[in-house]
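The values are calculated or read from the model by the stated rules, or taken from the named source; none is laboratory data. Owing to the predicted nature of the structure, the values given are computational and were not obtained by experimental measurement. As a convention, Cβ positions derive from the backbone with ideal geometry for all residues, glycine included, and neighbour counts pool all protein chains shown. We work out accessible area using only protein heavy atoms, side chains counted, and drop any ligands, DNA or RNA first. Shrake-Rupley method; radii C 1.70, N 1.55, O 1.52, S 1.80 Å.
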Amino acid sequence: MTEPLVYIVDDDDDLREAVLDTLEDAGLPATGFCSANLALPQLNPEWPGVVVSDIRMPGMGGMEFLHAARDQYPEVPFVVITGHGDVQTAINAMKAGAFDFLEKPTRPEYLVDVVRRALEMRRLQIENSNLKSIVADGGALKTRFIGRSKVMRALRKEILAVAPLKVDVLLLGETGTGKELAAQCIHDLSPSAETQFQTVNCGTLTEEKWLTEIEARLAGADGGVLFLDELEALPEPLQLRLLALIEVRGIDGPRIIASLQTDPSQLIADGRLRADLFYRINVAQISLPPLTERENDLFVLLEFFIRDAVARHRLKLPEITQEMLNPLRVHTWPGNVRELRNAAEKMVIGLPLSLTPGTSDAKAPFGQDESYDDAIARFEKALLRHALMQAGGRKGQAAESLGIPRKRLYLRLKTLGLD
């Protein structure tokens, strides 16, 4: 049953039923109460509707009802119905916080217009309240996407910006950068946070699973988020079927958040991603930076993961030596944050570190299609990152270790996009 958006409170049964019929004919679900005493307990601060109440009623009168409603639920719009020529009562009601007043007898079209305006105001109130909650939760986002680097601050702003909007989102990032966490944060910070968050790993999706994993979920009317992880792993015939389903998805269907590990243009060129599917999903795009581009976040994250592992395993903080940290400083972290978390876990448990071999900055001096200038820039980036890591983020100390003036270091960091 559709939730009523209008409560009609009037002891005149015939008038109440006439108003209800008018609103129902206008597509506005409503319910009636013969007294204010019955209506007041039904109000709540999250109800998205409006009250339309007569002034003169036995028991709790309309003005008393208005004051009680305004005291308990000040955001709920209240429209009063006054008798012909009862101007002073209408003025008093407006002073007490009523949204508007209707004079008996009321023209149906005017009644509908006043109610629609009150409902629109209520919608904006709720939307504003949700946005304030999202902004307030921005602090909580820092505890989930940890990092002080410039790129992480920008990432948190992008998540907060897109979360309240019901648009599809495409997340780009290497393995281990936190794409599913980003999708979960977008959902949790949205006005529909109470709805379902469902994940589908496209790499394991088969023809047999298609009906239950995709079709049933996209056809659902409960909203929520459908997170399609590793979209590029979806076979081309299933990508075509997914596109067709998205095109006919209803307004109550789930919001889609998809992730890719590789540059979309390269995937399209290689025939691993349909261009039409990419353009359909790519409404909002967010890139998650690899750990090597997160400046000095490495040791901030390492400390957090170590303390988290200590708490979970109820162990003592391990003694961390420079000898243990040195391999971490120069490692290229192909597994990104996930790999770093595993390294911290091993340090707490006391297992030897076995870092996976990296390739990002350890590749040959010149790539097959890499120019001289690109190779030099890549080498310089790796050199500066290494110096900053060894200096614990202190740029003055990093400049000293490199044997260059601090001003020159700042200039090179800015030029290379590492500031």
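Placing unit charges on the Cβ atoms of the charged side chains and taking the dipole of the stretch 175-273 about its Cα centre, the candidate lying farthest along the positive direction among GLN198, HIS187, LEU231 is HIS187. Bridgeable aspartates and glutamates around LYS150 (alpha carbons under 12 Å apart, same-chain partners fewer than 8 residues away excluded): GLU293, GLU295, ASP297, ASP419.
ILE320 contributes an accessible area of around 60 Å² to the protein surface, as traced by a 1.4 Å probe with all chains present. Take the alpha-carbon centre of the stretch 155-185, take the same for the stretch 253-277, and report the distance between them in whole Å. Taking the Cα centre of the stretch 253-277 as reference, the centre of the stretch 155-185 is 15 Å away.
Of the whole protein surface, HIS386 contributes about 60 Å² of accessible area at a 1.4 Å probe radius. Listed by chain and number, the lysines whose alpha-carbon sits under 17 Å from that of LYS407, ignoring those within fewer than 8 places in the same chain, are LYS381, LYS395.
Relative to one another, the C-alpha centroids of the stretch 287-326 and the stretch 84-103 are positioned 64 Å apart.
A simple charge model with +1 on the Cβ of Lys and Arg, -1 on the Cβ of Asp and Glu and nothing else charged puts the dipole of the chain at about 2780 debye relative to its Cα centre. Note on surface exposure: CYS34, CYS185 rank CYS34, CYS185 by accessible area, highest first, 1.4 Å probe.
Pairwise Cα separations in the stretch 194-274 fall into 10 Å bins from 0 onward with the following percentages, short to long: 18, 53, 26, 3.
Using the structure shown, select from LYS179/LYS414; LYS95/LYS142; LYS346/LYS414; LYS142/LYS346 the pairs with a Cα to Cα distance greater than 32 angstrom. Listed pairs above 32 Å: LYS95/LYS142; LYS346/LYS414. Note that the chain carries a Kirkwood radius of 26.3 Å, evaluated over its alpha carbons pair by pair.
Overall size of the stretch 140-289 from C-alpha positions, given as principal axis extents largest first: 43, 36, 23 Å. Amide hydrogen proximity for PHE197: with H placed 1.01 Å from N in the peptide plane, the residues at 5 or more positions away or on another chain lying under 5 Å are VAL225.
When MET60, MET121 are compared by accessible surface with a 1.4 Å probe, the order from highest to lowest is MET121, MET60. Look at the alpha carbon pairs under 8 Å that are at least 6 residues apart: their mean separation over the length of the stretch 135-227 gives a relative contact order of 25 percent.
The base-10 log of I(q)/I(0) for the stretch 1-91, evaluated at q = 0.13, 0.25 Å⁻¹, reads -0.40, -1.39 [Debye formula, identical scatterers on Cα atoms, solvent excluded]. Diagonalising the gyration tensor over the Cα atoms of the stretch 293-349 and scaling each eigenvalue by 5 before taking the square root yields semi-axes of 19, 13, 10 Å, largest first. Using R0 = 22 Å, the C-beta based FRET efficiency linking SER129 and HIS67 works out to 0.45. Dividing the convex hull volume of the alpha carbon atoms of the stretch 372-416 by its residue count gives 61 Å³ per residue. Using C-alpha pairs below 8 Å separated by at least 6 residues, the relative contact order for the chain is 11 percent.
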